[in-house]
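Scroll down for the structure; my scribbles are underneath it.
The values are calculated or read from the model by the stated rules, or taken from the named source; none is laboratory data. Note that the coordinates shown come from a computational prediction; the quantities given were computed from them, not determined experimentally. Neighbour counts are summed over all protein chains in view; Cβ atoms, including those assigned to glycine, are modelled from backbone coordinates with ideal geometry.
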Ligand code: GAP
C-alpha cells in the first residue's frame, strides 16, 4: 500500500528529519526544501546506486562533474537562450502567474484547439480564483540569471551568466576531452549528477517541481546510422528495471510517448517514464507526472557547439567555439558528429517516488497503527539500529555501543536508548531501517544478539562475531 497522497510524505518527511521547508525561520521560501540527516542519506544512496549501475557496472560509461555556471555562449548555441521558455499567463483578477500549457481546458474542447483562442474567448478559468480575465500567453525564459565579477552592475550584459538548467550541456562541451583522454570508441556514454536550476512559473507539489533540483543525466553517443528509436526503447526498458530494483511498484510506473508538437527543441523522440504521484485523483489520467525522460537528441548539441561557418542546411553557424566536436571513425575512415540518446532523471523526483512507494501501515496486536517505510535496503538511510533492552544496565549499554562501533566501518549504524523497546522499533520502522539489533541479558552470556526484520517483524539470534557479515549479506541489492 503506497502513500495515499504526497501530503502524507510531506508530514512524515518533516517529522522524521528527511526534508524540511527551507528558510523556515524567516517564513520559508516558496517551493524550496532542505534535506535533513535522513534525507541527505537517502539522496546520496539514490545517486550512488545510479552511479554504480551506470559507471561502475557497465564498461561503456565515464563520469564527469562540470561547472554549474558555464560560459554564457554555451546557452546561446545550445538553444536555451532562444527557446527555453514556458508560456506565461497572468490572472488579472488575483495576479496569479500560470503556465498556459498546464491550464485546465473546458471539457468540450475540440482536439487540437488553441489555448490562446480559448483564453481570448474567456473559456479558460484561473485555477486560483475562477476568473476568466487572463492575459494572452507570452514566452518566459526559465534560466536563472546571475552576474559575474565584483565590479559588475546588475544590468551589465557582459557580466550576465546563467545557473545551468540541465547538466547535459556540461557533458557535451567536454565530449572531446573525455573521448580523447579515455581513448573511447563509439558507442559510449558520459554520466553526470548535479544541481540544475529553473525559474519555474508554477513550482509546487513538495519536491516534485522546485527551482533548484538535482539531475542524473547520461549522454550516450552513437553512430549516425544507429537505430536511434530502438535505442530509446532499450534505455526505457533498462531504467524501468532500475526503478523496480529501487522498490517502485510496476503498477505505479507508466510510459508516455511525447507527441511531436511537444518535443524539446533538440529532440526527435522522447519517452517519459511516469510515476503515479497523485493516486488520490479520481481521474486516472491525472495521477501521473514525469519521473524522467529518455530523448533522442540527434547530433544537435555536438554540431551546435562546433566551430563552423554553416552546416549543410546553412544553419547553426558558430564562429565562437574553438573546437570541432566531431568524431573520426578509424574503421571506416570517416568523420561525423555522434548522435545522442539521453536518459535524464531527477534525483528529487526519484526520492519522492521511492518514499511514496515504500510507505505502508501495519496494525500491531494492541491495535495501534504503525507506519513502516519499506525502503529497499540499499536506499535506507540507516541500515541497522542497535538497541539495548535495559538502558539502566551498564554492561548491556556498553556491549550495545561496542556492537554499534564494530559495525560502523562496514555499514551505517545508530545507537538508540531513548525509549522502551516497542517505541524504538516503531521509530526505526518509520524511517525504513531494515534491521534492529537488540542486546539483552542473555547477550552478556552467549555473545549473541537478536536481529529483527523490519518487514516481517521476525527475529533471529546471531553471534556478534558473525553480525557484520550476516547484515551485509542481507543488505546486498
Ligand atoms: N537534459 C534534458 C532535461 O533536462 P527534462 O525532462 O527537462 O530533460 C529531466 O529534465 C528530469 O529532471 C525530469 O524528468 C525531472 O525528473 C527532473 N526535473 C526537471 N525539472 C525539474 C524541477 N523543476 N524540479 C524537480 N525536478 C525536475
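Annotations
- Top-ranked residue of the stretch 56-90 - restricted to ones that are in a helix (DSSP H, G or I) and surrounded by fewer than 19 Cβ atoms within 10 Å (Cβ to Cβ), ranked as modelled with the highest pLDDT: 56
- Flag if residue 35 is within 30 Å of residue 426 (Cα to Cα) and modelled with pLDDT of 95 or more: yes
- Qualifying residue in the stretch 154-176 (condition: more than 14 Å from the ligand (Cβ to nearest atom), out of contact with any strand residue (DSSP E or B) (no Cβ under 6 Å at 6 or more places or on another chain), at pLDDT below 95 and assigned to a helix (DSSP H, G or I)): yes
- Only one of the numbered conditions (1) touching a strand residue (DSSP E or B) at 6+ places or on another chain (Cβ under 7 Å); (2) in contact (Cβ under 8 Å) with a residue 40 or more places away in the chain; (3) within 24 Å of residue 268 (Cα to Cα); (4) within 16 Å of the ligand (Cβ to nearest atom) is violated by residue 349, and that is (3).
- One residue stands out among those in the stretch 177-208 that are away from the ligand (no atom under 16 Å from the Cβ) and not in a loop (DSSP other than H, G, I, E, B): the one that is nearest to residue 5 (Cα to Cα), which is 188.
- Across the stretch 142-153, the number of residues qualifying as part of a strand (DSSP E or B) and free of Cβ contacts under 8 Å to residues at least 60 places away in the same chain comes to 2.
- Filter result for residue 331 (in contact with a strand residue (DSSP E or B) (Cβ under 9 Å, 6 or more places away or on another chain) and within 23 Å of residue 221 (Cβ to Cβ)): no
- Filter result for residue 239 (under 21 Å from residue 375 (Cα atoms), crowded, with 16+ Cβ neighbours inside 10 Å and touching a residue at least 60 places away in the same chain (Cβ under 8 Å)): yes
- Residue in the stretch 269-284 that is in contact with a helix residue (DSSP H, G or I) (Cβ under 6 Å, 6 or more places away or on another chain) and without any contact (Cβ under 8 Å) to a residue 12 or more places away in the chain present: yes
- Looking across the stretch 392-413, the residues that are in a helix (DSSP H, G or I) and either more than 36 Å from the chain's Cα centre (by Cα) or surrounded by fewer than 15 Cβ atoms within 10 Å (Cβ to Cβ) (or both) come down to 394, 395, 396, 397, 398, 399, 400, 402, 405.
- Every residue from the stretch 219-234 that is part of a helix (DSSP H, G or I) and in contact with a strand residue (DSSP E or B) (Cβ under 7 Å, 6 or more places away or on another chain): 228, 229, 231, 232
- For residue 18, the criteria (1) surrounded by fewer than 18 Cβ atoms within 10 Å (Cβ to Cβ); (2) in contact (Cβ under 8 Å) with a residue 12 or more places away in the chain; (3) in contact with a strand residue (DSSP E or B) (Cβ under 8 Å, 6 or more places away or on another chain) hold in every case but one, which is (1).
- Residue 316 within 17 Å of residue 264 (Cβ to Cβ) and at pLDDT below 95: yes
- Any chance residue 247 is more than 12 Å from the ligand (Cβ to nearest atom), surrounded by 14 or more Cβ atoms within 10 Å (Cβ to Cβ), assigned to a strand (DSSP E or B) and within 23 Å of the chain's Cα centre (by Cα): no
- For the stretch 210-231, a tally of residues being within 16 Å of the ligand (Cβ to nearest atom) and touching a helix residue (DSSP H, G or I) at 6+ places or on another chain (Cβ under 9 Å) returns 10.
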